[in-house]
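The values are calculated or read from the model by the stated rules, or taken from the named source; none is laboratory data. Just so you know, these numbers come straight off a predicted model, no measurement behind them. As a convention, Cβ positions derive from the backbone with ideal geometry for all residues, glycine included, and neighbour counts pool all protein chains shown.
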Amino acid sequence: MQKIGRYEVVREVGRGGMATVYLARDPAFGREVALKVLPRQFTHDPQFRVRFEREARIIAQLEHAYIVPIYDFGQEGDQPYIVMRYMAGGTLAQRLNGQPVSLAQVLPIIGRVADALDTAHKRGVVHRDLKPGNIIFDGEQHAFLTDFGIAKILAEDSGVTNTGMMIGTPEYMSPEQAMGQKQVDGRSDVYALGVILYQMLNGRHPYQADTPVGVMFKHVSEPVPILDTARIGLHPACNMVLARALAKKPEDRFATAIDLVKALQLASSGAVSNAAPPAAAPPSPAKVTAPPPPVLAPPTPPAARSLASPTMVIGQALPAIACANCMGAGLTLQEDGSAVCRFCGTTNMLGGAICPECETVNPNNEDVCVQCRRSIARYCPFCQTRNWSGAETCTACGEKIDALAYLSAHWNQDVRGDLQKSAADYKAIEAEGTKRRMADLMEVEAKRKRAITEQKERAERERQNFFIWGGVIVVVGIIFVIIFALVWMSSS
């Protein structure tokens, strides 16, 4: 059996450009571990081992519930290795199959990774190579972050880049990484987390090209692609969150990874379903924010009438809609929302929402077009009034329909209050838990004292019984001796 250090190699479980990972057994503790062996070419720098040990110690001190712990590190001959906890659930990269992942599955994974990232960033450690292959699951399918800082160990002043090896993965590189900046901070990891989020929600990377250089160029120069939120059942505000997470300039991104997750939770709380609501059901506004923050009650909707999208103009031809009288495709849009046929002059009351993309007439209670599945409705984040998807200002309150601006405006006021309330609730729960634990401890102590008292009483009873029975035996023995003596004397 091959051994590396004291560890017995069982089998290879993964191989990449930076390391080979083995499942190994630690005979000292009798447990399975993941043994990550780094390539020998990294040891050409005589100071590498010093830096390796220094950075490995820093990473090993990142004690966090969602970071895979490092147990040991060393060097076998001229080949360095790191020993970590073995995770049997595989990686996120192995789970992604090119199909969108539901938001209910995305949020727990992204939330755990964000928590781990922020903890490391506060301690001055940047991942630099965040990707699905470095998000790994344990046997209970809980997500953990691994390889934290390995890229920093390999890159810092070691001349690794001189060998032609690129530190990081092009599909997840921030623009500053792609441009070769050595000094990057935690916002670079926030960008990579945004790329992973986009990939999970959409099923593919935001930027694709034939070469790694082409991918990096797109990260630097091209705008953030827009998700077809209606197709995958998400609220359009999720695009605003992704746009901020994938901003080209670090200062335009979320300051922390947890901020990204909170914004996603707020924006996605109003996600619409792909399924059309029943015809008899009243409109159900998709809220941009979840309580808290509080929102105003939606006003009473006006009576149903024909409406035209603001992206359409009066007099515009509607060739996709046939006249109810002559069946000709000669309708033109009127100011009152009706359409007049230029062939027979019949006024057609459309009676529903016209999709600006395919001109399909939809029932008034539809949020997405029944034909092309494009969003045809947009709800004001301030008063929850239903507006057309192309509207920039609300028809009821006049506020701008900008989900990201709304989130930013209410962030400090509402989220901080929510966090304070959550902290107070947590403290109350913790205090109640402390009282409960103290009561349990007192009960255990009382039971222990009762057991000691009962043991003493039992020992005392046994001692008394010993003396009583001992006295009885002595008296019986004396009587027996007296009787024996009397019998003997009488017989003599």
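Can you pull out every residue in segment 219-232 that is in contact with a helix residue (DSSP H, G or I) (Cβ under 9 Å, 6 or more places away or on another chain) and either buried (at least 16 other Cβ atoms within 10 Å of the Cβ) or assigned to a helix (DSSP H, G or I) (or both)? The answer is His219, Val220, Ser221, Val224, Pro225, Leu227, Thr229, Ile232. Selection of segment 5-20 for residues being part of a strand (DSSP E or B), at pLDDT below 90 and surrounded by 12 or more Cβ atoms within 10 Å (Cβ to Cβ) yields Val13, Gly14, Thr20. Does at least one position in segment 218-241 carry a residue that is over 30 Å from Asp118 (Cα atoms) and at pLDDT 50 or above? Yes, segment 218-241 contains a residue that is over 30 Å from Asp118 (Cα atoms) and at pLDDT 50 or above. Restricting Pro250, Pro282 to residues that are surrounded by fewer than 21 Cβ atoms within 10 Å (Cβ to Cβ) and at pLDDT below 80 narrows the list to Pro282.
Hey, does segment 172-190 have a residue that's surrounded by 21 or more Cβ atoms within 10 Å (Cβ to Cβ), at negative phi, of a type in the set (A, V, I, L, M, F, W, C) and part of a loop (DSSP other than H, G, I, E, B)? Yes, segment 172-190 has at least one match.
Residue-level check: of (1) farther than 25 Å from Leu201 by Cβ; (2) surrounded by 18 or more Cβ atoms within 10 Å (Cβ to Cβ); (3) at pLDDT 65 or above, Ala308 misses just (3). Is there a residue in segment 375-387 that is under 27 Å from Thr256 (Cα atoms), modelled with pLDDT of 65 or more and surrounded by fewer than 14 Cβ atoms within 10 Å (Cβ to Cβ)? Taking every residue of segment 375-387 in turn, none turns out to be under 27 Å from Thr256 (Cα atoms), modelled with pLDDT of 65 or more and surrounded by fewer than 14 Cβ atoms within 10 Å (Cβ to Cβ). Taken over segment 75-88, the criterion of being at pLDDT below 90 and not aliphatic (A, V, I, L, M) is satisfied by Gln75, Glu76, Gly77, Asp78, Gln79, Pro80, Tyr81. Within segment 81-102, at least one residue is over 14 Å from the mean Cα position of the chain (by Cα), in a helix (DSSP H, G or I), under 21 Å from Ala257 (Cβ atoms) and aliphatic (A, V, I, L, M). Total residues in segment 73-93 satisfying the condition of being out of contact with any Asp or Glu (no Cβ under 8 Å at 6 or more places or on another chain) and touching a residue at least 24 places away in the same chain (Cβ under 8 Å): the figure is 13.
Inside segment 114-161, residues that are outside any helix (DSSP H, G or I), modelled with pLDDT of 90 or more and in contact with a helix residue (DSSP H, G or I) (Cβ under 9 Å, 6 or more places away or on another chain) make up a count of 9.
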